[in-house]
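Only one structure is covered here, and it is reproduced in the block below.
The values are calculated or read from the model by the stated rules, or taken from the named source; none is laboratory data. In this text, all values refer to a predicted model and were calculated from it rather than measured experimentally. Here the Cβ positions follow ideal geometry from the backbone for every residue, glycine too, while neighbour counts run over all protein chains shown.
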2 protein chains.
Amino acid sequence: MLPHNCHKMTRPSLLNFFCAGNRTIELLCGRASARRPHSSHTMRSVVSRPASGFRPSKVAVVTKTTRCEFEQQRYRFAGLSEVDLKQLLAMKGSSYSGLLERHTIHTRNVEHIVKSLEKEGIEVRVVRRGEYDEEVVRWADAIISAGGDGTMLLVASKVFSKDKPILGVNTDPERSEGHLCLPVRYTHAFPEALERLQRGDFRWQWRQRIRLHLEGTGINPTPVDLHEQQLSLEQHHMAHRITTLERRRESGAQDDSFSEPNLLPVRSLNEIFIGESLSSRVKCKSLDPHLTFSLHRASYYEISVDDGPWEKQKSSGLSICTGTGSKAWSYNINKLVEQSVEDLLKIGKSQTGLDIPLDPGFIEKVTEEYNQSLVFSPEDKRLFFSIREPIVNRVFSSIRPRGFAKKVCVRSRCWDACMVVDGGTSFEFNDGAIATISMSDDDQLRTVVL
Amino acid sequence: MLPHNCHKMTRPSLLNFFCAGNRTIELLCGRASARRPHSSHTMRSVVSRPASGFRPSKVAVVTKTTRCEFEQQRYRFAGLSEVDLKQLLAMKGSSYSGLLERHTIHTRNVEHIVKSLEKEGIEVRVVRRGEYDEEVVRWADAIISAGGDGTMLLVASKVFSKDKPILGVNTDPERSEGHLCLPVRYTHAFPEALERLQRGDFRWQWRQRIRLHLEGTGINPTPVDLHEQQLSLEQHHMAHRITTLERRRESGAQDDSFSEPNLLPVRSLNEIFIGESLSSRVKCKSLDPHLTFSLHRASYYEISVDDGPWEKQKSSGLSICTGTGSKAWSYNINKLVEQSVEDLLKIGKSQTGLDIPLDPGFIEKVTEEYNQSLVFSPEDKRLFFSIREPIVNRVFSSIRPRGFAKKVCVRSRCWDACMVVDGGTSFEFNDGAIATISMSDDDQLRTVVL
């Protein structure tokens, strides 16, 4: 490994080096030499270590929209002033100054990140949530999510290459859990994180993601950005169905065969959730107001696990998650609270007569072990499906309500359901449509473990 | 008790007699005598029995809208023919003939009920779901719900007097559970049910219901019929908030005090469910499409049980149910599946070394006992609250996730949440609003146990 001449980090081709595991590419040590007096020593250490640093030249920092900004824009758009906003918030028992405080904390933490990067001669582009797109992804050598887990999910949602590194920094640790973000201490000490990255003192983590095929709708599946959904679902449906019928007639199609499965242009980092949406109750203005139907909170569908037999199901929804997502919504669906564990052990005790402990310490231990068993590695190549609140009666069978799988197929029997990807994008998933949910190594997301 | 002269049952005042428990009012035995040869014998039996028959003269039969009707109207409205409908359904893998079959079964069962009533000289009025209103309730001596549990909930929703009897008949037992309906055998043998009612061979059941006070919104709470909701929630909110601000300015109100608690014009037979609605993601067309916010599936709120301290909560929702509702949504939220019980007992076994049985029979027994403990009597005067999928972390405390109470107060910290009453009516429940949930004997619903 010979040192290159030092020069400013502006040309991506020379600087597009990343080290992964024991794979080394090139080392531009110029900057390192300039910073460290014992350059020759560093050179020798680098040569002996297989891993090398991570030194992107162009970094996009994607920032969340704080609630303060959101409320401001919302009311400004409605023609209300700042004074109006304060008053309305106060009426609600909310505090404008409180929102402003969180906003300031977030903004400062973003500045801290940006300054730290610029200090290293890295070209930084700060991109707001609404402006983030595939062009930004192409431009950047690495992308930093500056927000919470939601912002990380957004950032990941536009990355389809497993070579593009993503980092998450939690910009409001007091309010945000930040499971997907770097440890909280790097929020205020980002140079430390940068320094470790540059030294190669970290590990890459390729998080497995989920891919979706959709068929049987007879339509091109149109993703609906839940953030920007503008039509009522009813209007969507009717428009789609009429178009479908017309197209089929024009093409002279005689059979009722389904369209080919489409691979959807999304990859899920946490989970796919399938269920009837409350918005299914939004009726199109033009429909006869007397036309109503029984509300079903329950979702009806058929499920086939790893090409097994189709089983009819009625439940409040179906979650299919990755290892990453096993700590998120799926975890909350499946975890037990200590109260349930205690009640259950009491029953077990009374039914067996055995001396089962019921002290709080023991209850806590058993609960914790049970809940921990729900979590698995982000690198695990399996899916985990959970039928949420299954309804078992004369009509619906009871398959195993949760488990691992390589592939899950779901056929909708719902009136107005969605497939929701990472809580951010939804696809219509109505009666007759079939979703095939699986994983591929091609879909991995490259993240950092410090 | 002297017999009255027999005459046709047309005058409500003479016929408005109901027996409850050991309370007797009047007995019109004319009809009974006409039907039974041993009238004197019947008279003597009646005199010796405290209970007497139930003989309404005017009965409203409220019918559900079948899925077949719904799809027909939906497509007819969009200008599609029956042929189009069949084709679209087939494309979805649904069967028009299947829908028609269920429709026919329902219709026949309704006819059976109507004929049985008319045969007894009862004046019958068949009312479709969309036509059912308070005028029908006033007209009828009794109301029969002809459908499933959803139809029963609808019927109950417009009854505010505890004297008006409601009966449910399950018109499609193969597809519908009918927890709130009479036993399934009466669907095809309704005259038997009528006969028992007339003989007094039944019991009244007064089902407790929930009442709701709402305050702190600064607006008149407008119930949104989820069946007929036509504006996006965003449009609702903005309109309400601007109106509020204007009204306050006009009135010269200086303080930010909340409005008085309003008693809402609804009574819940099953449960109140509070949570963020997916439709919160529907954005008003006019809003800047770049304005987005992190999606929260979780609901934020504060809860106070029986005037206890306020506790911050984050969860996927909050359910507060009656005894009737303890077999419905609340049951599905709280029940355990055998797989969880098995996994838990395994952990208990390994942690204690005790010989806890793990055979399927034992698991089933323990699971069943646990789940049965969630169910309580419809006549019980207590509420049961359940925090669904509580999120416990650094920020949110963990109060007892479920339990009984006389009163529950909830303060919304949600962006776009609803309070959903029996899955049919919803009220906006946003940041700052406070709901007080309680019970009163005045709100009981009079139903029949055969």
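Residue count for the stretch A:155-164 satisfying the condition of being within 14 Å of chain B (Cβ to nearest Cβ) and surrounded by fewer than 24 Cβ atoms within 10 Å (Cβ to Cβ): 2.
Of everything listed in (1) at pLDDT below 95; (2) within 17 Å of A:Arg185 (Cα to Cα), the single unmet condition for A:Arg129 is (2).
Within the stretch A:108-121, the presence of a residue that is within 14 Å of chain B (Cβ to nearest Cβ), of a type in the set (D, E, K, R) and surrounded by fewer than 19 Cβ atoms within 10 Å (Cβ to Cβ) is excluded. Out of the residues in the stretch A:47-66 meeting the condition of being at pLDDT below 90 and surrounded by fewer than 20 Cβ atoms within 10 Å (Cβ to Cβ), tell me which one is nearest to A:Cys181 (Cα to Cα). By that ranking, first place goes to A:Ala51. The number of residues in the stretch A:371-395 that are more than 28 Å from B:Leu354 (Cβ to Cβ), more than 10 Å from chain B (Cβ to nearest Cβ) and in a loop (DSSP other than H, G, I, E, B) comes to 7. Counting only helices (runs of 4 or more DSSP H) that fall entirely inside the stretch B:92-195 and contain at least 2 residues that are among the aliphatic types (A, V, I, L, M) and under 20 Å from the mean Cα position of the chain (by Cα), the qualifying elements are B:134-139, B:149-157.
Scanning the stretch B:328-340 for residues that are assigned to a helix (DSSP H, G or I) and under 30 Å from B:Ile437 (Cα atoms) yields B:Trp329, B:Ser330, B:Tyr331, B:Asn332, B:Ile333, B:Asn334. Selection of the stretch A:174-196 for residues being buried (at least 20 other Cβ atoms within 10 Å of the Cβ) and either closer than 18 Å to A:Asp422 by Cα or within 11 Å of chain B (Cβ to nearest Cβ) (or both) yields A:Ser176, A:Gly178, A:Leu180, A:Cys181.
For residues in the stretch A:343-382 being among the hydroxyl-bearing types (Ser, Thr, Tyr) and touching a residue at least 24 places away in the same chain (Cβ under 8 Å), which is nearest to A:Gln205 (Cα to Cα)? Steps first, answer last, please.
Residues of the stretch A:343-382 among the hydroxyl-bearing types (Ser, Thr, Tyr): A:350, A:352, A:367, A:370, A:373, A:377.
Filter once more, keeping what is touching a residue at least 24 places away in the same chain (Cβ under 8 Å): A:367, A:370, A:377.
Working: A:Thr367: 29, A:Tyr370: 26, A:Ser377: 10 Å.
Among them, the one singled out is A:Ser377.
Results for (1) modelled with pLDDT under 95; (2) outside any helix (DSSP H, G or I); (3) facing chain A (nearest Cβ under 10 Å), shown as yes or no for each residue.
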{"site": "B:Ile320", "(1), (2), (3)": "no, yes, no"}
{"site": "B:Ser326", "(1), (2), (3)": "no, no, no"}
{"site": "B:Glu342", "(1), (2), (3)": "no, no, no"}
{"site": "B:Lys346", "(1), (2), (3)": "no, no, yes"}
{"site": "B:Gly361", "(1), (2), (3)": "no, no, no"}
{"site": "B:Val366", "(1), (2), (3)": "no, no, yes"}
{"site": "B:Glu369", "(1), (2), (3)": "no, no, yes"}
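Has the stretch A:431-447 got any residue that is touching a Pro at 6+ places or on another chain (Cβ under 8 Å), in contact (Cβ under 8 Å) with a residue 40 or more places away in the chain, within 22 Å of A:Val155 (Cα to Cα) and more than 13 Å from chain B (Cβ to nearest Cβ)? So far as the stretch A:431-447 goes, yes, one or more of its residues are touching a Pro at 6+ places or on another chain (Cβ under 8 Å), in contact (Cβ under 8 Å) with a residue 40 or more places away in the chain, within 22 Å of A:Val155 (Cα to Cα) and more than 13 Å from chain B (Cβ to nearest Cβ). Out of the residues in the stretch A:403-420 that are assigned to a strand (DSSP E or B) and either of a type in the set (Ser, Thr, Tyr) or within 11 Å of chain B (Cβ to nearest Cβ) (or both), which is nearest to the chain's Cα centre (by Cα)? Of everything passing the filter in the stretch A:403-420, A:Val420 is nearest to the chain's Cα centre (by Cα).
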